[in-house]
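Here's the structure we're looking at; comments come further down.
Bear in mind these aren't lab numbers, they're just calculated from the coordinates by the rules spelled out. Computed from a prediction, not measured in an experiment: that's the story for all the values here. Cβ placement follows ideal geometry from the backbone for every residue including glycine, while neighbour counts extend to all protein chains displayed.
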Amino acid sequence: MSITTTPKLTRTASQSFDSTVADLKNGADSATAAYGAVSEKATKTAADLTAFNRGTLEALAQAGQIFAAESQNLFRQAAEVGQTAFTESLNNLRAIASAKTVKERLELQANFVRTSAISAVSEGSRFARAGIDLAEKASAPIAARAYLAAEAFGKPVV
């Protein structure tokens, strides 16, 4: 048995094949263009993230420097306050020891306790405020980066 083809059937098959090849070429071109656009966008996003991360690391380093410098200053002040308190205590103990009467000793001791308590509360409050200020100063660069991140990455990617 032999297969016979007609010119019309051959032409239809040839046109169908040509159409399919053209569609495949168009699809491949579209896919290549889409891949190029996605690759370009991914490269830009990676570069943006790298730059942002570099800025974040710089903010962390800056926060560390602020914290170290301010902490050192705060510890220096604490040492000075401690030295002053020790000197005052020593002077008050000498005064108590040199008092002539028991009444005078009790009055000096009461005065010493009162001024020590007032000084402790005053200095404690001052150092608490200084600690809060230190935390605010040290966290400022990191907070700025967090706001920038929310602004930059809070938008939908188009």
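Below, the figures for the structure above:
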item	result
Subset of segment 86-98 (residues that are more than 50 Å from the chain's Cα centre (by Cα) and exposed (fewer than 15 other Cβ atoms within 10 Å of the Cβ))	R94, A97, S98
Single match in A78, A69, A63 (criterion: closer than 19 Å to G124 by Cβ and either within 19 Å of the chain's Cα centre (by Cα) or not hydroxyl-bearing (S, T, Y) (or both))	A78
Candidates A128, A117, A149, A110, filtered to the one that is surrounded by fewer than 14 Cβ atoms within 10 Å (Cβ to Cβ), of a type in the set (A, V, I, L, M) and closer than 30 Å to V38 by Cα	A149
Qualifying residue in segment 73-87 (condition: more than 30 Å from A146 (Cβ to Cβ), in contact (Cβ under 8 Å) with a residue 40 or more places away in the chain and either of a type in the set (G, A, S) or touching a Pro at 6+ places or on another chain (Cβ under 8 Å) (or both))	yes
Selected residue [assigned to a helix (DSSP H, G or I), touching a Leu at 6+ places or on another chain (Cβ under 6 Å) and surrounded by 12 or more Cβ atoms within 10 Å (Cβ to Cβ)] from E58, E70, E104	E70
The one condition in (1) free of Cβ contacts under 8 Å to residues at least 40 places away in the same chain; (2) over 29 Å from the mean Cα position of the chain (by Cα) that Y147 fails to fulfil	(2)
Extreme residue, farthest from Q83 (Cα to Cα), among residues of segment 131-142 that are aliphatic (A, V, I, L, M) and surrounded by 13 or more Cβ atoms within 10 Å (Cβ to Cβ)	I142
